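Below: one structure, written as structure tokens.
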Amino acid sequence: MTDPAKGRGAKETGSSADPHVVVLFGATGDLARRKLLPGLYHLSCSNLAPEIRIVGTSLEDLDNEAFRTLADKACREFARRKATDELLEQFTKNLVYVPQEAGPDGLAKAVREQLETLGANARLLHYLSVPPSAAMAVLETLYKADLVEHSRVIMEKPFGTDLQSAQELNAEIHKRFEEERIFRIDHFLGKEPAQNILAFRFANGLFEPIWNRNFIDHIQIDVPEKLTLEGRAQFYESTGAFRDMVVTHLFQILAFVAMEPPTALAPLAITDEKNKVFRSMRPLDPNDVVRGQYKGYLDEPGVSSESDNETFIALKCEIDNWRWAGVPFYLRTGKAMAEGQRIISIAFHEPPKSMFPPGSGVGQHGPDHLTFDLADVAKMSLSFYGKRPGPGMKLDKLSLQFAMQETGHAQEVLEAYERLILDAMRGDRTLYTTAEGIERLWEVSAPLLDDPPPVRSYDIGSWGPNSIHQLIAPRAWRLPFERVWRGKD
């Protein structure tokens, strides 16, 4: 077979002006409906992305019209901006569908036709919105269809389930794709607030001098979710909270918080600094981990009555380098919790308080905190103590708050998947993970995976098992907040 993409995109660094054919595996799945199709719709309507054609494929036996109807409905329901009839018609006419039973030849034919419509400069991007267990079969299909050369591939998390499986998966994919053409996605890093951490740290002289063990007591990365399984029992039973969230998301955010200044805001420089953080992480101690399971989980459809799978996890990890020696990082995430939040909280050392009289309120609400809210609209807060107006020395906890809405540019923010797909089209791997990084994280996780502590039950709508307080003692969890964010959400 001839390579339908050969001569189209031989360069690995493309601009956003290059037209693209996106081959979307798992095109009828939940992620595709909620995020990928609405995201591609928004990109296709913007001035940021190139001309796009989409070839969808999955197990379902659909024709082009049925797939276009599915995409139309998904965009109307989940697109962040109102989907109009005119724009949706323009978008969906560029969608075609190939059922998996058509095989590699059927897929190759459909892709070749779409490439021809875009001309000689068209590039090819494969998005594998499939479980890890199906990834190798998809790669084999691409190889048999002769759609590998000069193309790029986006792979969904989790990338493997332990060190051995990650190494095997990397070895297999490297047989087909060079590392620079592999994009292992983590949508948390595509969020505007996550990227704002780099700007906040390295573009300002205010905080970087105190961003170390001499001034910071501890750091919390806290991502509770109110949702339960939402019909994802099959996926969740094979992963659990640790594999689903910590290795794939929270460790990546930790790297942004802890990394040294890169030599440039360039993919290789940032990746090098992130991987240095991963290499400096101590292996996880199972004694510093709390696993939980919400009450009623065993009654969920598709869940084994004897499952010890965790729906909640909290842990302490440490980074063994000069900047962070002795500073614990506390990570927490779980299902069916009291609130849905995504925060990073930097707790600073407390000063001596002997000069303040008893009852003044100093230290009553814990240390000063710098808090990043990782919601789609970026927010930051700096809390500190100040004098309450009136006689005597009474102190209250005050805060300075910033929201992206105040800049007037909130509408320009790309949703995480939109940003990451656009970066992949440009060949920019800054916000993607590497083979070295992901394998190191599974290596760090091995002691926990080999000897996990027992799961403890917790009430739906709570903050997790009671033992989370022993994990962080004598400190306290930042959530729930002592105050609410000011202004509009």
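The values are calculated or read from the model by the stated rules, or taken from the named source; none is laboratory data. Every value quoted in this text rests on a predicted model; they were computed, and no experiment measured them. Cβ placement follows ideal geometry from the backbone for every residue including glycine, while neighbour counts extend to all protein chains displayed.
The set of residues in the stretch 155-170 being more than 23 Å from Leu36 (Cα to Cα) and either modelled with pLDDT under 95 or not hydrophobic (A, V, I, L, M, F, W, C) (or both) consists of Thr161, Asp162, Gln164, Ser165, Ala166, Gln167, Glu168, Leu169, Asn170.
Note on the stretch 46-71: residues that are assigned to a helix (DSSP H, G or I) and more than 25 Å from Ala122 (Cα to Cα) total 3. Within the stretch 127-145, if we keep just the residues that are touching a helix residue (DSSP H, G or I) at 6+ places or on another chain (Cβ under 6 Å) and more than 26 Å from Thr239 (Cα to Cα), the residue that is surrounded by the fewest Cβ atoms within 10 Å (Cβ to Cβ) turns out to be Lys144.
For Phe402, the requirement of being under 18 Å from the mean Cα position of the chain (by Cα), assigned to a strand (DSSP E or B) and either assigned by TED's automatic domain parsing to the domain that holds Asp299 or free of Cβ contacts under 8 Å to residues at least 12 places away in the same chain (or both) is not met. Being outside any helix (DSSP H, G or I) and more than 16 Å from the chain's Cα centre (by Cα) narrows it down to one of Phe200, Phe177, so name that one. Answer to the check: Phe177. Restricting attention to the stretch 236-274 and to residues that are touching a residue at least 12 places away in the same chain (Cβ under 8 Å) and β-branched (Val, Ile, Thr), the residue that is nearest to Asn212 (Cα to Cα) turns out to be Val257.
In summary, Val223 fulfils each of the numbered conditions (1) part of a strand (DSSP E or B); (2) among the hydrophobic types (A, V, I, L, M, F, W, C); (3) farther than 25 Å from Thr430 by Cβ with the single exception of condition (3). Here Leu70, Leu124 are screened, and the one residue that is buried (at least 21 other Cβ atoms within 10 Å of the Cβ) and closer than 28 Å to Ile173 by Cβ is Leu124.
Table: residues versus (1) within 30 Å of Gly390 (Cβ to Cβ); (2) modelled with pLDDT of 95 or more; (3) surrounded by fewer than 14 Cβ atoms within 10 Å (Cβ to Cβ); (4) in contact with a strand residue (DSSP E or B) (Cβ under 7 Å, 6 or more places away or on another chain).
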position	(1), (2), (3), (4)
Arg291	no, yes, no, yes
Glu300	no, no, no, no
Leu315	no, yes, no, yes
Val327	no, yes, no, yes
Gly334	no, yes, no, yes
Pro358	yes, no, yes, no
Gly366	yes, no, no, no
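Of the residues making up the stretch 387-404, just one is among the small types (Gly, Ala, Ser), in contact with a strand residue (DSSP E or B) (Cβ under 8 Å, 6 or more places away or on another chain) and modelled with pLDDT of 85 or more, namely Ser399. The residue that is modelled with the highest pLDDT, among those in the stretch 405-421 that are surrounded by fewer than 20 Cβ atoms within 10 Å (Cβ to Cβ) and not charged (D, E, K, R), is Val413. Here the condition is being within 29 Å of the chain's Cα centre (by Cα) and within 21 Å of Ile185 (Cβ to Cβ); of Leu70, Leu139, Leu88, it holds for Leu139 alone.
Out of Glu208, Glu140, Glu156, Glu168, one residue alone is of a type in the set (Asp, Glu) and under 16 Å from Leu24 (Cβ atoms). It is Glu156. Of all residues assigned to the stretch 145-158, none qualifies as being part of a helix (DSSP H, G or I) and touching a strand residue (DSSP E or B) at 6+ places or on another chain (Cβ under 6 Å). Taken as a whole, the structure leaves Gly29 outside the set of residues that are touching a helix residue (DSSP H, G or I) at 6+ places or on another chain (Cβ under 6 Å) and closer than 27 Å to Gly160 by Cβ. Among residues of the stretch 336-365 that are more than 27 Å from Tyr294 (Cβ to Cβ), those with a Cβ under 9 angstrom from a residue that is assigned to a loop (DSSP other than H, G, I, E, B) and among the polar types (S, T, N, Q), sequence gap 6+ or separate chain, pair up as His349/Asn214; Lys353/Ser360. When you scan the stretch 141-154, how many residues do you find that are at pLDDT below 95 and at negative phi? Residues that pass the stated criteria total 1.
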